[in-house]
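The structure appears right after this line, and notes come after that.
The values are calculated or read from the model by the stated rules, or taken from the named source; none is laboratory data. This is a predicted model, so every value here is computed, not measured. Cβ placement follows ideal geometry from the backbone for every residue including glycine, while neighbour counts extend to all protein chains displayed. The accessibility values were calculated without ligands, DNA or RNA, using every heavy atom of the protein model including side chains. Shrake-Rupley method; radii C 1.70, N 1.55, O 1.52, S 1.80 Å.
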Amino acid sequence: MTEAEIRENLARNIKTFRTIQNISQAELAERAGISIPFLSQIECANKFPSPAILARLSDALSVTASDLFKGKESVRSQDFTFTIDAIRAILNGQAKSFETFCEQYFAKAE
């Protein structure tokens, strides 16, 4: 694997994990203690982070550092877990919001 391929895998995986978890670049940059422009350059495969920053990024994304370097196929299989968890969280949030709405609406009607 070439250095360019390693950078591309890293860039794609960071962006994929961030997107799946619905984390903005600003939020991930803050969690990892780096600047937004630097994170953007990493996600565009223009810059390669130090091992310390890789560790902070993996912690911020709740994945292992090795997950950040996996090929497309490996990340895709993990996408389903993140997607299912994200859908569950959204549905639970919507159900709670609807329940709150109903309680407030019917309380006003009484």
Worksheet item: Which of the residues that make up the range 14-27 are of a type in the set (Val, Ile, Thr) and in a helix (DSSP H, G or I)?
Response: Ile14, Thr16, Thr19, Ile20
Response to the item:
Apart from one, (1) within 14 Å of the chain's Cα centre (by Cα); (2) surrounded by fewer than 17 Cβ atoms within 10 Å (Cβ to Cβ); (3) modelled with pLDDT of 85 or more all hold for Ala86; the odd one out is (3)
Worksheet entry | Lone unmet requirement of (1) more than 15 Å from the chain's Cα centre (by Cα); (2) at pLDDT 70 or above for Glu73 | (2)
Worksheet item: For the range 1-54, how many residues are surrounded by 14 or more Cβ atoms within 10 Å (Cβ to Cβ) and touching a residue at least 60 places away in the same chain (Cβ under 8 Å)?
Response: 7
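Here's the yes/no breakdown for (1) open to solvent by 50 Å² or more (accessible area, probe 1.4 Å); (2) at pLDDT 70 or above; (3) among the polar types (S, T, N, Q); (4) within 24 Å of Arg7 (Cα to Cα):
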| site | (1), (2), (3), (4) |
| --- | --- |
| Asp67 | no, yes, no, yes |
| Thr81 | yes, no, yes, no |
| Ile90 | yes, yes, no, no |
| Gln94 | yes, yes, yes, no |
| Phe98 | yes, yes, no, no |
| Tyr105 | yes, yes, no, no |
